[in-house]
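These notes concern the structure reproduced below.
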Amino acid sequence: MAWRDQLRPASFRGVPFKVDGDELAAGRRVQLHEYPQRDKPFVEDLGRATRKITLTAYVIGPDYMAQRDRLLAALEEAGPGALVHPQYGTLQVVADGECRVAHSRDEGGLCRFSLSFVEAGELTFPAGTVNTSSTAWRRADTLAATSLTDFADHFGVAGVADFVRSGAVADIVRGVGMVERTVRGFSWSAVLGGLLGDLDGLLGSPSSLAQRIMDLFAGTGTTRRPGRVGTVSGANPLATYAAPTAQQRLASLGRVAAYVPAAPTYATVTPARQRQAQNSTAVAALVRRAALVQSARVAADADWPVYQEAITERDALAQRIDAEALRPDVPDATFRALTDLRVAVVQDLTARSAGAARLATVTPTAVQPSVVLAYDLYEDAARGDDIVTRNRVAHPGFVPPQPLKVLT
């Protein structure tokens, strides 16, 4: 195919014209910096320069005046338009400044144009995005508030027999004791001692009691917000101990979220025994929901650099929230708060894990140091520690030839 056959018929906004010649100005926008007593300048690149197109065009024929008028109207129309360039195809351009029109007595039936265009840019504005982590945190706060209200409505020891009060104390001790045994990495003695020491006074105020139990979970903190619970009891104050990771926190809180009190050994036929059973159920529900609230906060504050880990924790937390929402004794307000929290958690972890690295399975051909394997995979020997930690390799100098999980 000859080169002339590859040229496209020129037009602007659908109005055709002929082309004698064209020029295109392109390049980079630069800022030249010259300094005293320096022979060489510094050139700062500011990005691609705007393309400018100049065309020498004409319209010809018995109806050249009508063609001229249509092209003039197209040039004077506001906004960008489609220019079909003989060489470069269809471009979105804007008429630049003055486009000149010329007539000549010697060239009757013909009108010449000098056309100047610049490429049309995009008028972009800052786009708002949803802070999914903040939304999940707010939904957790809503569940915390409804859980406190639910507990205050269903727990009480006023005007009942002493064994009901003693049973409530035992239920609370069992509930917070389960938290102490499950959530590791913190010193609970001072916190639990304060709660249990104030328990007699708190029993008369269910709202205050529920808030203290809820604060017990909040005191463990998140990966970004240090908790108020102390360090490991008996630890050397000069030593450094790694704080629990987000996955470790979620795993321990997940076990608390499945807490179910022991079945009552008494018959719930009298009003006092019914109140005792109701108090036990209320304490267990508060402990479970407080664990879910703190789990959502931990997930919202954590960074998720690995896609599979984020999706696994997302699904596990959603399943725990579903299990609590499907309990037959959940009030309507708490059910709505649990449902909203589930949606917020799923949306948050899904959105923030979209660009995370994936895990792949790699099997080394022979025993080798982790730094060598890391350099082979990433050309970065410093990532050998991640391979060792992720696969629990016994010694970083001897990575075995077995399937390993590595980041892509």
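Things to note:
- Which listed residue, of Ser134, Ser116, is of a type in the set (S, T, N, Q) and in contact with a Gly (Cβ under 7 Å, 6 or more places away or on another chain): Ser116
- Cβ pairs under 6 Å, 6+ apart, first in region 259-283 and part of a loop (DSSP other than H, G, I, E, B), second basic (Lys, Arg) and modelled with pLDDT of 90 or more: Tyr259/Arg288
- Among the helices (runs of 4 or more DSSP H) confined to region 96-206, the ones with at least 1 residues that are more than 24 Å from Leu292 (Cα to Cα) are located at 162-182, 189-197, 199-202.
- Condition check for Ala374: surrounded by 13 or more Cβ atoms within 10 Å (Cβ to Cβ), without any contact (Cβ under 8 Å) to a residue 60 or more places away in the chain and over 27 Å from the mean Cα position of the chain (by Cα): yes
- Selection within region 325-335: residues that are free of Cβ contacts under 8 Å to residues at least 40 places away in the same chain and part of a helix (DSSP H, G or I). The member of this set that is surrounded by the most Cβ atoms within 10 Å (Cβ to Cβ) is Ala325.
- Among residues of region 337-366, those that are in a loop (DSSP other than H, G, I, E, B) and surrounded by 15 or more Cβ atoms within 10 Å (Cβ to Cβ), counted: 3
A quick yes/no check of all residues on (1) in a helix (DSSP H, G or I); (2) touching an Asp or Glu at 6+ places or on another chain (Cβ under 9 Å):
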{"residue": "Gly21", "(1), (2)": "no, no"}
{"residue": "Leu32", "(1), (2)": "no, yes"}
{"residue": "Pro36", "(1), (2)": "no, no"}
{"residue": "Leu46", "(1), (2)": "no, no"}
{"residue": "Leu55", "(1), (2)": "no, yes"}
{"residue": "Tyr58", "(1), (2)": "no, yes"}
{"residue": "Ala73", "(1), (2)": "yes, no"}
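- Qualifying residue in region 148-161 (condition: at pLDDT below 85 and surrounded by fewer than 15 Cβ atoms within 10 Å (Cβ to Cβ)): yes
- Complete set of residues in region 105-125 that are modelled with pLDDT under 90 and either among the basic types (Lys, Arg) or loosely packed, with under 10 Cβ neighbours inside 10 Å (or both): Arg105, Asp106, Gly108, Glu122, Leu123, Thr124, Phe125
- Within region 267-290, being of a type in the set (Ser, Thr, Tyr), over 44 Å from the mean Cα position of the chain (by Cα) and surrounded by 13 or more Cβ atoms within 10 Å (Cβ to Cβ) holds for one residue alone: Thr268.
- For first residues located in region 106-129 and in the same structural domain as Tyr58 (by TED's automatic domain parsing) and at positive phi, partners that are among the aromatic types (Phe, Trp, Tyr) and assigned to a helix (DSSP H, G or I) and lie 6+ apart or on another chain with Cβ distances below 8 Å form the pairs Gly109/Tyr64.
- Qualifying residue in region 81-100 (condition: modelled with pLDDT of 85 or more and in contact with a helix residue (DSSP H, G or I) (Cβ under 6 Å, 6 or more places away or on another chain)): yes
The values are calculated or read from the model by the stated rules, or taken from the named source; none is laboratory data. What you see is a predicted model, and the numbers here were worked out from it, not measured in a lab. We place every Cβ from the backbone using ideal geometry, glycine too, and count neighbours over all the protein chains shown.
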